[in-house]
Every structure is written in C-alpha cells, then in structure tokens.
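First the structure, in the form of structure tokens, and then the observations on it.
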Amino acid sequence: MKIRKNVAISESGYIFNPTTGESFSVNPIGIEIFYMIKEGKSYEEISKTILANFRTDEDTFEKDYHDFVGLLNHYLLIEKENEKEN
Amino acid sequence: MKRKINVAVTGLNAIDSPGPGIAVIRGLREAKSLDVRIIGLAYESLEPGIYMHDLIDKTYQIPYPSAGTDSLMSRLQYIHEVEKLDVIIPNFDAELLPFIKLEKKLMEMGIRTFLPTEKQFDERHKVNLPEFGKKYSIKVPFSKAIYSASEIHGLNHEFTYPLVVKGKYYDAEIAHTPEQAMAYFTKISSKWGLPIIIQQYVKGTEYNSTGLGDGNGNTIAAVPMRKQYITDKGKAWGGISVDDEEIINLTNHFVSTTKWRGGFELELMKNSGNDFYLMEVNPRMPAWIYLSVGVGQNIPEALVRLALGEEVKPYESFAVGKMFVRYSYDMIVDVEEFHKISTFGEL
C-alpha cells in the first residue's frame with residue numbers, strides 16, 4: 001500500500017490531494033500513522049509503534065487502522081495496485 | 001521593454017454573477033510584456049468596473065447586442081477615433097457573435113481580436129452539445145432543446161428526474177418534477193428567450209478548466225480548478241487549482257480536435273465512477289481567470305499577444321493548490337460620476 005506521491009500533509013494535520021483539490025484534517029495519531037504508511041512501514045511495524053506510544057489495545061488499533069485506511073482509499077489518497085507510479 | 005497598447009474590455013459587471021472583465025484587466029495590468037491602457041466597455045451605468053479607476057482608464061457605454069452590429073460598429077468607430085484601440089476582448093457569450101462577425105472590419109481599422117470562429121462558436125453551443133460530444137469523442141450528458149412548455153410532459157420518456165433546465169446563454173436550475181421543470185422553463189425563457197435546453201442531471205463534483213487555444217490545435221495554457229464554494233447562482237465563489245491529468249488531457253483533446261481559437265472554459269462534472277462529463281463549453285475566459293494569473297499562466301496576456309500576431313510559447317506548468325476566494329466590496333462613488341456615464345455614455 002502506498003500513499004500517492006503528490007499527496008501532502010501539513011504539520012497541523014491537513015492532507016491535501018492536488019488531483020482532486022480536496023483537503024482533509026486528521027488528528028495527531030492520524031498524522032503519525034499517515035507518515036508511517038508514507039514511509040512504507042508495514043502494518044506490524046505501525047501497530048508496534050502505536051501500541052508502544054498510546055494507551056490502546058491491539059484489537060482496537062486493528063479496527064481503527066483498517067477504518068483509517070478505508071477512508072484513505074475512499075478519498076483516492078492511496079495508489080491502486082494496478083496504477084503506475086507517477 | 002513593455003509594449004504599449006490600448007485594450008478595450010467588456011464584462012465590467014463584477015457582481016454576484018460576475019462578468020470576467022475585471023479579472024481579465026487584472027491579468028493585463030500584471031502582464032510582464034505589456035504596458036496597457038484599459039478602455040472599459042459597459043452596457044449599464046452601474047457596472048462596478050466603470051468606477052474602478054485604478055484598473056480602468058476610461059469607460060464607454062456600448063449598445064446591447066440586440067441593437068445589431070451596425071450600431072455596435074458605429075459606437076466602436078467613435079471610441080477608436082478617440083482611443084486608438086489595438087485590441088478588443090469581448091467577455092460575454094451574448095456579444096461574441098456580433099464581435100466575431102465584425103472581426104474583419106475591426107481588423108481593417110487596426111483593431112485585433114482573438115476569438116473562436118463562427119463555426120466553433122456555433123457547434124459548442126448548449127443546443128448542439130450532444131452532436132459536439134459525438135463529433136469530438138467527448139462524454140456529454142444527454143440533452144435536447146425544447147421550444148414549448150407543452151414538451152415538458154413528454155420528457156420522462158427520454159430523461160429521468162432530476163434534470164437540468166438551462167437557458168440559451170445563462171441560468172440553469174435542477175428540476176425534480178415536471179411541475180418544477182415547467183416553472184423553470186417559464187422563468188428562464190422569459191429572461192433569455194428560446195430554446196430552453198433540457199439536460200440529464202449528472203451527480204458529482206464540479207470541476208472547471210480554463211485555457212487558451214492558438215487556433216492551430218495547440219494549447220497555449222490550461223488550468224484546471226475545483227469549485228470549493230458555489231453560490232445559489234451556481235457560480236464559483238472559491239476554487240482551487242488541481243493537478244488532474246485527466247482534465248489536462250481532456251482540455252488538450254478539446255483544443256487539438258476543435259482547433260479552438262481564443263480563451264475558453266470547460267465546465268466538467270466528475271461522477272461517482274470518476275468519469276468526467278463535459279457540461280458546457282464557454283467560448284471565452286471565465287470570471288475566475290485571475291486564478292490562472294495567480295498560478296503562473298497569464299492567459300489574458302497570452303491572448304492579447306496572440307491577437308497582436310506575436311508568437312506565444314505554451315505554458316508548461318502551473319502552481320497546484322492555489323485558491324481563489326472571491327469577495328464583495330463597497331465603493332463610495334460620487335453621484336457626478338454616475339450622472340456622467342448615464343448622460344454622456346463616457347467616464
């Protein structure tokens with residue numbers, strides 16, 4: 001899974017998709033997860049980092065993580081499998 | 001060195017449904033290659049641009065297009081005698097045809113324009129959009145022109161509600177029932193005449209693209225924008241430049257296949273399947289043209305240079321993620337100025 005190359009996130013947590021012109025805001029945990037996905041980290045690595053730094057359990061994180069990724073997909077922020085890198 | 005020229009511009013009605021004139025003039029004022037004297041051409045004495053003396057050097061009233069080309073021509077001759085015009089930029093759909101028809105005569109007088117041909121103007125007309133889409137392989141929503149309110153009851157054989165009721169030149173309303181369609185037919189036809197265009201409603205996100213074609217199939221400029229804030233009149237009050245390859249490709253395809261000459265705006269709708277539909281082609285620069293200047297493609301400047309016969313290289317990039325946010329502003333105007341433009345037709 002890869003975040004589209006041209007998608008940017010600001011320090012304040014605003015994600016801007018230059019292809020569609022849409023902006024989205026995410027909370028501090030969202031920023032952290034977004035950066036980790038962008039860096040190409042695996043689910044296991046991300047899970048480990050979040051569980052170490054935030055008071056949450058594995059089941060809750062797994063559910064929330066997949067919800068978050070679902071939203072990134074829905075808003076076309078993630079490259080599709082068959083899509084060429086631009 | 002900047003070239004000194006006199007440019008006449010229409011569309012000074014910077015109101016809630018604004019003409020493009022003021023945005024065009026701002027672009028020309030910021031042009032790196034031109035030193036412009038701006039002559040405003042107004043229809044009504046309360047068009048705000050008339051009183052914007054920091055943007056417009058002198059304004060003349062001109063007759064409405066319905067008065068015919070002869071009366072427009074004689075007024076332009078008078079203005080030209082005084083102002084020695086180099087270029088005229090008409091900015092209203094309704095006045096484009098008279099200006100296209102006068103193009104040769106104006107050229108003989110030494111006044112340049114850079115407009116689409118009469119054929120280009122006609123074939124992209126709302127009434128002809130289905131044929132236009134077919135001819136140039138561009139997806140357009142199904143539409144048809146109707147001339148009588150009695151045709152509305154039969155529309156459910158060809159359309160599903162909601163549908164869009166559109167005026168010949170301006171105005172569009174979404175009708176959810178035949179009764180609403182009937183009411184909008186009456187309202188819009190009484191303002192803009194017949195026919196009324198019925199178009200299948202496409203649900204989605206509105207995108208626009210503005211650009212400039214050189215008349216030989218080359219895109220000189222192209223800037224796509226997503227509307228962020230839409231007024232009750234359907235006008236963009238805020239928008240953002242986007243980097244959508246599909247829109248750029250569609251714009252280039254439009255210019256290369258039609259060999260479009262002049263400025264234009266493509267109104268697009270992206271549906272839930274991420275397909276773009278061409279809703280309308282406006283044969284002139286849009287009211288938000290200043291965004292193109294803000295993102296690095298000064299389309300008004302490039303258009304004037306093409307009109308002057310200069311070679312203009314295509315713009316290759318623009319800044320993505322730049323927004324325009326429109327605002328309204330009250331000017332304090334001396335009543336004498338209003339009297340002057342109303343009485344003498346000049347200010």
Query - Note, ³J(HN,Hα) from phi for region B:179-196, Karplus 6.51, -1.76, 1.60, rounded to Hz, x at Gly and Pro - result: 5, 5, 4, 4, 5, 5, 4, 5, 4, 6, 5, 5, 8, 10, x, 9, x, 9
Requested in this report: Work out the charge dipole of region A:8-74 with +1 on the Cβ of Lys and Arg and -1 on the Cβ of Asp and Glu about the Cα centre, then indicate which of A:Ile50, A:His66, A:Phe34 is farthest towards its positive end.
Outcome: A:Phe34
Query raised in the report: chymotrypsin sites (Phe, Trp or Tyr not before Pro), restricted to region B:274-347: which are DSSP loop and have at most 12 other Cβ atoms within 10 Å?
Result: B:Tyr327, B:Tyr329
Report summary line: Hydrodynamic radius by Kirkwood for the protein assembly as shown, inverse mean 1/r across distinct Cα pairs, in Å, is 24.0 Å
Query raised in the report: Nearest 20 debye, what's the magnitude of the dipole of region B:229-347 about its Cα centre given +1 on Lys and Arg Cβ and -1 on Asp and Glu Cβ?
Result: 180 debye
Query - Hull volume in cubic angstrom per residue (convex hull over the Cα atoms of region B:211-294) - result: 97 Å³
Query raised in the report: What value does region B:54-154 have for Rg/Rh, both radii from Cα atoms and Rh as Kirkwood defines it?
Result: 1.10
**Report entry** Three principal axis lengths of region A:8-74 [C-alpha, angstrom, descending]
**Finding:** 35, 23, 19
Report summary line: Filtering GluC sites (Glu not before Pro) in region B:43-147 by DSSP loop and by at most 14 other Cβ atoms within 10 Å leaves B:Glu44
Query raised in the report: Which ³J(HN,Hα) values, rounded to whole Hz and listed in residue order, are derived for region B:62-79 from phi using the Karplus coefficients 6.51, -1.76 and 1.60 in 6.51 cos²θ - 1.76 cosθ + 1.60 with θ = phi - 60°, glycine and proline given as x?
Result: 10, x, 4, x, 5, 6, x, 6, 4, 6, 5, 4, 5, 5, 5, 4, 4, 4
Query raised in the report: In whole percent, what relative contact order does region B:111-215 give with Cα contacts below 8 Å and a gap of six or more residues?
Result: 28 percent
Query raised in the report: How large are Rg and Dmax for chain B when only the alpha carbon atoms are used, in Å?
Result: 20.0, 63
**Report entry** Residue-count net charge about B:Pro195 - beta-carbon cut-off 12 Å; Lys, Arg +1, Asp, Glu -1
**Finding:** +3
**Report entry** Interchain or long-range residues, amide H under 5 Å from B:Leu34's placed H
**Finding:** B:Arg3
Query raised in the report: Relative contact order for chain B using alpha-carbon pairs under 8 Å, separation at least 6, rounded to a whole percent?
Result: 18 percent
Report summary line: Computed for chain B: size of charge dipole around the Cα centre, +1 on C-beta of each Lys and Arg, -1 on C-beta of each Asp and Glu, debye to nearest 20, value 540 debye
Requested in this report: Sort region B:117-204 into rounded, prolate or oblate with this rule: let a ≥ b ≥ c be the square roots of the eigenvalues of the Cα gyration tensor; rounded if a/c is under 1.5, and if a/c is not under 1.5, prolate when a/b is larger than b/c, oblate otherwise.
Outcome: oblate
**Report entry** Cα pair distances in region B:192-347, grouped into 10 Å bins until the bin that holds the longest one, percent each
**Finding:** 10, 34, 29, 19, 7, 1
Query raised in the report: With point charges of +1 on the Cβ of Lys and Arg and -1 on the Cβ of Asp and Glu, referenced to the Cα centre of region B:205-321, which listed residue (B:Met285, B:Gly213, B:Ser317) lies farthest in the positive direction of the dipole?
Result: B:Met285
Report summary line: Within chain A, excluding any chymotrypsin sites (Phe, Trp or Tyr not before Pro) found in a DSSP loop (not H, G, I, E or B) and having at most 15 other Cβ atoms within 10 Å, the longest uninterrupted segment runs A:1-53
**Report entry** Relative contact order of region B:142-200, pairs being alpha-carbon contacts under 8 Å that are 6 or more residues apart, as %
**Finding:** 49 percent
Query raised in the report: Under 5 Å between amide H atoms, partner at least 5 residues away or on a different chain: which partners does B:Glu280 have, H built in plane at 1.01 Å?
Result: B:Glu267
Report task. About the Cα centre of region B:73-126, how large is the charge dipole given +1 on each Lys and Arg Cβ and -1 on each Asp and Glu Cβ? Please answer in debye to the nearest 20. Result -> 80 debye
Report summary line: For chain A the GluC sites (Glu not before Pro) that pass both the DSSP coil test and the at-most-11 other-Cβ-within-10 Å test are A:Glu11, A:Glu39, A:Glu81, A:Glu83, A:Glu85
Requested in this report: Under 1.5 on a/c is rounded, so check that first for region B:1-128, then, if it is not, pick prolate when a/b is larger than b/c and oblate when it is not; a ≥ b ≥ c are the square roots of the alpha carbon gyration tensor eigenvalues.
Outcome: rounded
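Readers should treat all values here as calculations from the given coordinates under stated rules, not as data from a laboratory. Being a predicted model, the structure only gives us computed values, none of them experimental. Glycine also receives a Cβ, built like all others from the backbone with ideal geometry; neighbour counts cover every protein chain displayed.
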